Amino acid sequence: MNLLRFNLNGREVKVADVPAAERLSETLRERLLRREIKVGCNAGDCGACTVLINGDPVCACLTLSHQVQQRDVATIAGQVAQGGIGARLADSFLAGAAAQCGICTPGMVVSAAGMPANGATPSETDVKDALGGVLCRCTGYRKIIDSVLHAHGVGDLPASKSGIAPPGIRMNRVDGSRKILGTDEFGDDIAPPEALVVKIVRSPYARATFTIGDLDSYVKENPGISCVLTARDIPGINRFGVFPQFVDQPVFAESETRFVGEAVAAVVGNPEFMWWFDPNGFPVSWQELPAVSNMDDALAENAAQLHDRYAGNTLCSGRVCTGDPAEALEAAEISISRSFRTSFVEHAYIEPEAGFACVKDGKLVVHACTQAPHMDRDSLLDILALPESGVVVVPTAVGGGFGSKLDLSVQPYLALAAKVTDRPVRLCYSRTESMQSTTKRHPASISLRIGASAEGKLSGLEFRGLFDTGAYSSWGPAVTSRVPVHASGPYEVRDYQAMSQAVLTNSAPSGAFRGFGVPQASAALETAIDELAQELGIDALEFRLRNCLDNGVPTVCGQVFSQGVGIRACLQALESGWTKTRTEAFELNVERESRGDPLRRGVGLAAAWYGCGNTALPNPSTIRAGIRRDGAAVLHQGAVDIGQGSNTVIAQLFVDALAIENMELELAGADTDITPDAGKTSASRQTYVSGNAARMCASSLRRQVARSLNAGEDAALSLDGGRIEVTGSGDRRSLDLASLPVNESGYVFDCQETYNPPTTPLNESGQGRPYAQFGYAAQIAVVDVDVGLGTVAAVQFIAAHDVGKIINPSLVEGQIHGGIAQGLGMALMEEFVPGVTNNLHDYLVPTIGDIPPIETILIEEPDIHGPLGAKGLGEHVLIPTAPAILNAIHHACGIRIRSLPATPSRILAALKETAIGS
Amino acid sequence: MSQLDGDGQVVAGCTDFLPGLRRGSRIGTLVDITRIPELRGIRIEMDHWRIGATTTWTELIKHPLPKAFEGLKLAAREVGSVQIQNSGTIAGNICNASPAADGVPPLLALDAKVEVCTPAGSRVVDLEDFITGVRRIALKPGELVSAILVPSVAESTGSSFLKLGSRKYLVISIAMVSAAISVDRSGTITDARIAVGSCSPVATRMPELEKALNGRQARSVVDRLEVTVDQVASLAPIKDVRGSAEYRIHAAAELCRRAAIQAAGRATCELASTDAETAE
């Protein structure tokens, strides 16, 4: 009998019969229920599970439990509870908005608490060295650095309120404390340890047929197995997808698999057995088939066809055209033709897909990390052939989404397993499974021709973008419809033709990823714009100012905004920074060259626009709210907060519109049974669309209250001891809430409102009103290129964003920082190679050492459609980053990289070519 | 020790063992050697420094060592992250025998040897001979690495380590170079040792380059040094997601140049400070 004893957060714990190879992370999470330890990779690549052992930070996933025998182990809970630096860090992370989704936050705080205390005040470099082992995919790290320094008495944080603050005022996120303490429950944090475990059997081949063997004997030989699930066990439709006309992805492949990692079966068993479960022992035989590995292969004559229903391996296409681009290009003073390629990009949220399901009161309850609970539920109803009342989806905290958690992942397996076994079940993807099987950013192959007049006015643009959509449709149609609308950039282009095509290949499905294809298109366009400006001898910023959209100027879709176009303001806001950084770069390079330093400074610029909400499709959000007898307002808010902060922003907007002083707010949901459909957390729509619905709901609630008081809609109201009173103007009317009847929902007043952005469908030329509002952005990137090694280090960013109206400055900045970090990753290091880069050390995302200081400039050009004028922001933030970096690389050393990412290999090859050329 | 002859497996920092653990892999007896005091810590013995097998990278960073070890300490700071440095051990890094093991180039540049504890006693093997291929080492069943031995080096020795990756932390190198350069009283290079990692199945010394440096004035190397691709042509890099083979060769040459310049510069500084001490 082995007994493991150690001190956990200052108290001795004893655990019996821990297997020799059990990880400390598992012992802590499953035997001691310390779910504040978050696990992102089980390989030491992400640091989320960091704990202190005898005061030193280590990864709990890389520590054998038996190695802590008689040692001191401290988790985030212990660090904060003991006061001192741990508590100061927790306070500082909250006020400094250093947590977004929160999955990495406990690891960050513990790593910071474990910094060597040598008495000296830490520098930024010390902080980076201490936190370099913890990956964050949301924050861009800058607020983490500031918060750690502040906890050590270095630097100030901007004042931030706790409690719901009025729009425009910096407030702590409402869920901040539990994210920092690790008590927020993510996908794998809900299940009890005894829940049955689901594991998926996946295709090792990009394309194969398969035969499943004798499952009855397999189950009999392995008594730990409760059941095996395959396509035959799906009671409803074995297909899912996000667009009704493109429902094509099977839950379990039926006869042929189409990408490495596609599911063919699920095994459900007790946790002890499943701990050792080896998918290689599963009875299935494979017959590998020739696969279509890229778009060239897919479009070749005689290419193997992925689906009968999509001719020529083409899923769909899109088109926007206006004027006569061929003629305009002919008439142009200069024109250039360029081609551009990008890679698969992995979302790499630190929380792998995970969830828990059980049957409760005859209903299937599915808890999972998701960005789209109602869509999940509707798909599950079809798959399971259940009536609407049969399934409820309860989103857990989401440890980063960025678009990929819009699609189903673990949900159907959980739901089916719970239904078949009638037992609680859990499923957490390994990092490899997550990377193999969930959606990616579409690789793009873009060719464009663009011209300009001698005066520097754009004259003609032809754009063609092929997008590798992988094996199934997912969000491919959203990419092909969105890209042609955006490929002009935020510029006036009278003569324009843009075409997009989604091409099927035997790769993991490409889906939604922050920007839906626009970042790829923007990288191609904005680098070409830079070249045009250069050839004409016009400053790159001036060139963009000469061409940018304005109020009253039609977009390429013929949409004319009479207000709210903020791109000129963004570009103008960069003028002084542009001049300063360009001058400094010039001087620095002269000095560096003279002393033989291989570094070259470069400064680049790019602009962007992005339509908020679905493209030319209905996109409603519904919000419900009620006032209870005890005087609390309850907001049924179904817009999932994936770290971006909708829980906070929508609450701010609601409380502001409700305007009943002293009324406490409670948040209910998200939960498909108690929150109406607030749509998906995608397309930068929650602040705008759900924010509007929340304000409409608050106003209508307010009207009901005012009517009961016989007061006007605009009367000043306040809550005082269970009574709502009309205040000011000597009015003494009041309403005793306790005296009012309570409806079946438990409220004395309640209402539900829906907002749907006013858009129109596009005609066959792509003309119409695809979005009710756009947000605008322009960013400057400052980089150092090492011309001896081809490496690039970002030195500074200046980011100007038109957000219409700032609701919460901390969250706005957080989006910008995080978007820039992802844009930098896409520009310099991120390249998912199916079957090869299935972990977080072969697939690289930026670390804390890679993100330089970011200066944010917030522009408020209000939009009449937005709540208080606010515009969406979530995706705009990364669109200009990659091209700004590419333009900066060119400025530094004269090379144009047209294949992303700009790795040291590619940069050095380009430098050599230039050297030979000259 | 007896366990190691059967199904036993030695583990220490576990930073390679646990990530390599797959569902379904059957595990025999695990022998954790991290609590054996004799296998841990750094001390000077006779004519060499002894670094216990389970000494962690953090312990190495914190231990006062001569300037010649600076390259090794710089490498230790670039092993993964603080978390990995706190757990990972020096012998584990060697026994894992990854072509990209951060510890190997600086140890090669220090002419390190591996002390192997056998049931019959112990033997000492040159590090160069100990790592025989990708994930292959000259360790027989029943044997255990007990220490890394680094021969005492001339006082006027400077060393360096440069790791090239696509990001700042938690990175597996595309290429890395460590140099250790010793000079005599006149500033002439007497012994240049340069090792390159991640560019061949096993990190390797660059004897031709070393020969070209020996006999040169360290100061002149600092002022001007060219390293051509031909001089590192003995490397056999692979192409992978981190970089092309051609790029690795080019980067290796450039890193050798920079590492040698840094080491030569540090050696002359060392020389100057020893002279100053003598003058006092």
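Legend: residue pairs A:K363/A:K419; A:K143/A:K580; A:K405/A:K680; A:K143/A:K179; A:K360/A:K419; A:K805/A:K871, Cα-Cα distance threshold 18 Å; pairs beyond threshold, A:K143/A:K580. For the stretch A:340-493, the C-alpha radius of gyration sits at 1.38 times the compact-globule guess of 2.2 N^0.38 Å, with N the residue count. For the stretch A:633-703, the dipole from Cβ point charges (+1 on Lys and Arg, -1 on Asp and Glu) about the Cα centre works out to 340 debye, to the nearest 20. Taking every alpha-carbon pair within the stretch A:636-717, the share separated by more than 16 Å comes to 52 percent.
Bridging of A:K912 to lysines at a Cα separation below 20 Å is possible for B:K239, once same-chain residues fewer than 8 apart are set aside. Using +1 at the Cβ of each Lys and Arg and -1 at the Cβ of each Asp and Glu in chain A, identify which of A:P19, A:Y771, A:S434 lies farthest towards the dipole's positive end. Of A:P19, A:Y771, A:S434, it is A:P19. In a simple Cβ point-charge model (Lys, Arg +1; Asp, Glu -1; nothing else charged), the stretch B:134-217 has a dipole of about 400 debye relative to its Cα centre. Of the residues A:S226, B:S178, A:F561, the one whose Cα sits farthest toward the positive end of the charge dipole of the protein assembly as shown, with +1 on the Cβ of Lys and Arg and -1 on the Cβ of Asp and Glu, is A:S226. If R0 is taken as 30 Å, the Cβ-Cβ distance between A:A326 and A:N763 corresponds to a FRET efficiency of 0.90.
A quarter of the convex hull surface defined by the alpha-carbon atoms of the stretch A:200-356 gives 14.7 nm² as the mean projection.
Model label points for B:R43 and A:S718, set 7 angstrom from Cα along the Cα-to-Cβ axis, are 7.6 nm apart. Ranking B:I84, B:L60, B:G103 by how far each Cα lies toward the positive end of the dipole of the stretch B:58-117 (charges on Cβ) leaves B:L60 at the top. So which GluC sites (Glu not before Pro) in the stretch B:157-230 end up in coil per DSSP with only 16 or fewer other C-beta atoms within 10 Å? Answer in residue order: B:E226. Residue-wise HN-Hα couplings along the stretch A:775-782, as the Karplus relation 6.51 cos²θ - 1.76 cosθ + 1.60 with θ = phi - 60° gives them from phi, are x, 10, 7, 8, 10, 10, 10, 10 Hz; Gly and Pro carry x. Using the Cβ of A:P862 as centre and a radius below 14 Å, the other residues enclosed give a net charge of -2, where K and R count +1 and D and E count -1. Compactness of chain B, taken as the C-alpha radius of gyration over 2.2 N^0.38 Å, stands at 1.01. Cross-link partners for A:K457 among the lysines, with Cα-Cα distance under 25 Å and sequence neighbours closer than 8 places in the same chain left out, do not exist in this structure. Per-residue Karplus couplings for the stretch A:708-718, computed as 6.51 cos²θ - 1.76 cosθ + 1.60 with θ equal to phi - 60°, are listed in order as 4, 8, 6, 10, x, 4, 9, 4, 6, 10, 8 Hz, Gly and Pro entered as x.
Altogether, the Stokes-Einstein calculation at 20 °C and 1.002 mPa s, with the Kirkwood radius of the stretch A:465-559 over Cα pairs as Rh, returns a diffusion coefficient of 147 µm²/s.
Rounded to the nearest 20, the size of the Cβ-charge dipole of chain A about its Cα centre is 720 debye, with Lys and Arg at +1 and Asp and Glu at -1.
In whole Hz, what ³J(HN,Hα) sequence does the stretch A:121-137 give by Karplus (6.51, -1.76, 1.60; θ = phi - 60°), x for Gly and Pro? With the stated coefficients, the stretch A:121-137 comes to 6, x, 9, 4, 5, 4, 5, 5, 4, 6, 9, x, x, 10, 8, 10, 9 Hz.
The calculated pair-distance distribution of the protein assembly as shown uses every alpha carbon pair, bins of 20 angstrom beginning at 0, and gives 11, 39, 37, 12, 1 percent.
For A:V503, the residues whose amide H sits under 5 Å from its own are A:L315, A:F467, A:D468, A:T469, ignoring neighbours fewer than 5 places away on the same chain, with H placed 1.01 Å from N. Only Cα pairs under 8 Å and 6+ residues apart enter the sum, and on that basis the relative contact order of chain A stands at 13 percent. Here the mean projected area of the convex hull built on the C-alpha positions of the stretch A:2-49 is 3.5 nm². With a simple spin-label model that places each label point 7 Å from the Cα along the Cα-to-Cβ direction, the separation between A:A16 and A:D278 comes to 3.0 nm.
Computed over neighbours whose Cβ is under 10 Å from that of A:I76, the net charge equals +1, Lys and Arg +1, Asp and Glu -1.
For chain B, averaging the sequence separation of C-alpha pairs within contact (under 8 Å, six or more residues apart) and dividing by the residue count gives a relative contact order of 17 percent.
Across the stretch A:574-723, C-alpha contacts under 8 Å between residues 6 or more apart give a mean separation that, scaled by the residue count, equals a relative contact order of 26 percent.
Using a Förster radius of 41 Å, what is the FRET efficiency between A:Q287 and A:D422 based on their Cβ-Cβ separation? Nearest 0.05, please. The pair A:Q287/A:D422 has a calculated efficiency of 0.70.
Along its first, second and third principal axes, ordered by size, the stretch A:790-864 spans 48, 26, 18 Å in Cα coordinates. Once backbone amide H atoms are built at 1.01 Å from N, B:V145 has B:C117 as its partners under 5 Å, excluding neighbours fewer than 5 places away on the same chain. Between B:V10 and B:V31, the built amide H atoms are under 5 Å apart, and every one of these is 5 or more places off in sequence or on another chain. Using every pair of distinct Cα positions in the stretch B:115-263, the Kirkwood expression returns a hydrodynamic radius of 16.8 angstrom. You can think of it this way: the chain between A:R732 and A:E542 has 62.3 nm of extra reach, that is 0.36 nm per residue less the Cα-Cα gap.
The Stokes-Einstein estimate for the stretch A:686-760, based on a Kirkwood radius over Cα pairs and taken at 37 °C with 0.692 mPa s viscosity, is a diffusion coefficient of 236 µm²/s.
A Förster distance of 30 Å, applied to the separation of the beta-carbon atoms of A:A385 and A:A311, puts the FRET efficiency at 0.45.
Stokes-Einstein diffusion for the stretch A:265-306 at 37 °C, viscosity 0.692 mPa s, with a Kirkwood radius from C-alpha pairs, works out to 237 µm²/s. Note on B:K73: lysines with a C-alpha under 19 Å away, same-chain residues under 8 apart excluded, are A:K128, B:K62, B:K113, B:K163, B:K168. Here the stretch A:556-668 was treated as a single set of alpha-carbon atoms; its pair distances binned every 5 Å from 0 give 2, 8, 11, 11, 9, 10, 10, 10, 9, 7, 6, 4, 3, 1, 0, 0 percent. Label positions at A:K912 and A:V553, each projected 7 Å from the Cα along the C-beta direction, are separated by 4.3 nm.
Quick note: the coordinates plus some simple rules give every number you see, no bench work behind them. The structure presented is a predicted model; accordingly, all values stated were derived computationally and were not measured. Every residue, glycine among them, receives a Cβ derived from its backbone with ideal geometry; neighbour counts consider all protein chains shown.
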